[in-house]
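Data first, discussion second: the structure below is written as structure tokens.
No lab work stands behind these numbers, since they all come straight from the coordinates. Computed from a predicted structure; not experimentally measured. Positions of Cβ are generated from backbone atoms using ideal geometry, with glycine treated the same way; all protein chains shown enter the neighbour counts.
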Number of protein chains: 2
Amino acid sequence: MKVVTRIQEYRKLRPAMAEPLGFVPTMGYLHEGHMELVRRARAENKTVVVSIFVNPTQFGPKEDFAAYPRDPERDLAMLKKERTDIVFMPGAEEMYPKKFNTWVEVEKVTERLEGAFRPGHFRGVATVVLKLFNIVQPTRAYFGQKDAQQLLVIKKMVSDLNLDLEVVPVPTVREPDGLAMSSRNSRLDANERQAALVLWQALSLARELWQEGERSAERLRQEMTLLIDAEPLARVDYISVAAPDTLEELELIDDSALVSMAVWIGKVRLIDNIMLGG
Amino acid sequence: MKVVTRIQEYRKLRPAMAEPLGFVPTMGYLHEGHMELVRRARAENKTVVVSIFVNPTQFGPKEDFAAYPRDPERDLAMLKKERTDIVFMPGAEEMYPKKFNTWVEVEKVTERLEGAFRPGHFRGVATVVLKLFNIVQPTRAYFGQKDAQQLLVIKKMVSDLNLDLEVVPVPTVREPDGLAMSSRNSRLDANERQAALVLWQALSLARELWQEGERSAERLRQEMTLLIDAEPLARVDYISVAAPDTLEELELIDDSALVSMAVWIGKVRLIDNIMLGG
């Protein structure tokens, strides 16, 4: 496994890499969710490249960029174990030199949910992912379904900008009790960790109601809200039952729905989602 | 020479094309300025790809998209003569399918000159050029210095987004009397064609003054303005003596300056520029 920190160094290595090339972009502090992406990439490609870069431009001024957890040594050990070929780990000044001034804006689908609560977040995500694609030059790129809206934004960018690569969605990996894997989970104390279960409980409730034949999106939102509001450590940013392609809130669930939420547990903001039907 | 109208068809052909690949993006209605780009591309590459696409998203609502001259048959004959390998000529719906929603914004350098007079113009330019780069996958891309600010915007985009290609600037080609070649020249009547010489006369005057030792940017702007205002058919949008990298207006010309202007001749808007020093 080779660790590369410079774009120019990666460029020199790229022509000798065997095709197809599978790419997993991460912000590090890896967990089983990431490792699932890496294993998929390993199974389906001759070369596996993982990037570790905590991207400053996708954090708002009041967000947790500085507090975002980091542990590169542990990350590298985990990646080596899964037979990663290259880890691309650039510094912030390598990705954003002085006078950096170019941004990618995906409109519409970024205006709702995460985009509404985190202005500029998806601009930062789309820009850094496009830069990483241009540097890494992958055949396939792997993204977790836990970040459902991010996945949609990346797919839209790839399609609209005619990028010559395949975006592969990978199902969310959960703890045994249902909590979706997230680097932010490490910042929960024991009480908060317990309280964080309300996200999965609410999603499971929505699925049960839907399986029993409930088709009113508003009813699902109400029941999930009641459940989460009963947890004193939880505070809801949004609870959404939306069309999976446009993210517009539904009235009736026709064929399928993306049920998603962002919930603060203490000072940690968690997101999760499930797909109904489709 | 092969004419390709579909992105998918081009993608299938791309792997068999010999490297390096030189690319000349155009809006058609080709003239000697374009042919100079094609000849440079032909001399320096094994494969030459030229695109012809009148890009709707770089024209403002009150601009001349509909009136922009078109003559694909003549264009193809000219390109064949210069031994172009592939002409990529997509329809608008191929480049901008319904629900297209992704845009590239280069900030700062787009705020002045053309960007100030044509809001959204460079967003359209950067977006379509990035799309064309992603489709065509060139080693080198050729742009005329006549569109000096566009060249700067493309270079900045390529650098900021880590595109793996070289942008090659090519000097402006002029008519014997000095008028810069432009597809829009075809829309000038005989009187206007004569009046259009004021652009080159003003630029030449600026160069003379500079060669005589004048270093006041304001003096150059004043003298050029006087000269152009004396032509009844001409109306100035801007006359600029700016730093070549930032396009900020200069007070004193230190090392070098980009002298540029946009001037309406009747209903046709022309631009031109020269570099002093550097």
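Numbers at a glance
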| quantity | calculated |
| --- | --- |
| Residues with amide H under 5 Å from that of residue A:250, placed H, sequence gap 5 or more | A:241, A:242, A:243 |
| Hull-based mean projected area of segment B:1-157, where the convex hull spans the alpha carbons, in square nanometres | 9.1 nm² |
| Translational D in µm²/s for segment A:183-272 (Stokes-Einstein at 10 °C, 1.306 mPa s, Kirkwood Rh from C-alpha pairs) | 118 µm²/s |
| Cα centroid of segment B:124-183 to Cα centroid of segment B:1-68, whole Å | 11 Å |
| Among B:216, B:170, B:30 the positive-end extreme of the charge dipole of chain B (Cβ point charges) | B:30 |
| Rounded to 5, the percent of DSSP beta bridges in chain A classed as antiparallel | 50 percent |
| Compactness of segment B:76-161 as Cα Rg over 2.2 N^0.38 Å, two decimals | 1.21 |
| Relative contact order of chain A, pairs being alpha-carbon contacts under 8 Å that are 6 or more residues apart, as % | 17 percent |
| Neighbour-count ranking [beta-carbon atoms within 10 angstrom, fewest first] of B:57, A:127, A:5, A:110 | A:5, B:57, A:127, A:110 |
| Dmax and Rg, reported as Rg then Dmax, of the protein assembly as shown (C-alpha, Å) | 27.3, 88 |
| Cα shape, segment A:141-222, gyration tensor, a/c 1.5 rule | oblate |
| For a label point 7 Å along the Cα-to-beta-carbon line of residue B:186, residues of segment B:66-107 with backbone N under 11 Å | B:68-76 |
| Cα radius of gyration and Dmax for chain B (Å) | 19.0, 57 |
| Rounded, prolate or oblate (a/c below 1.5 giving rounded, otherwise prolate when a/b exceeds b/c) for segment B:4-63 by Cα gyration tensor | oblate |
| Neighbour-count ranking [beta-carbon atoms within 10 angstrom, fewest first] of A:62, B:81 | A:62, B:81 |
| Computed [θ] at 222 nm, deg cm²/dmol, chain A (DSSP H ≥ 4; -39,500 (n - 2.57); rounded to nearest 500) | -11000 deg cm²/dmol |
| Sequence of B:189, A:272, B:75 once ranked by neighbouring C-beta atoms within 10 Å, starting from the fewest | B:189, B:75, A:272 |
| When the convex hull of its Cα atoms is projected in every direction, mean area for segment B:125-274 (nm²) | 9.9 nm² |
| Translational D in µm²/s for segment A:111-176 (Stokes-Einstein at 4 °C, 1.567 mPa s, Kirkwood Rh from C-alpha pairs) | 102 µm²/s |
| Centre separation in Å (Cα based) which lies between segment A:212-278 and segment B:205-257 | 60 Å |
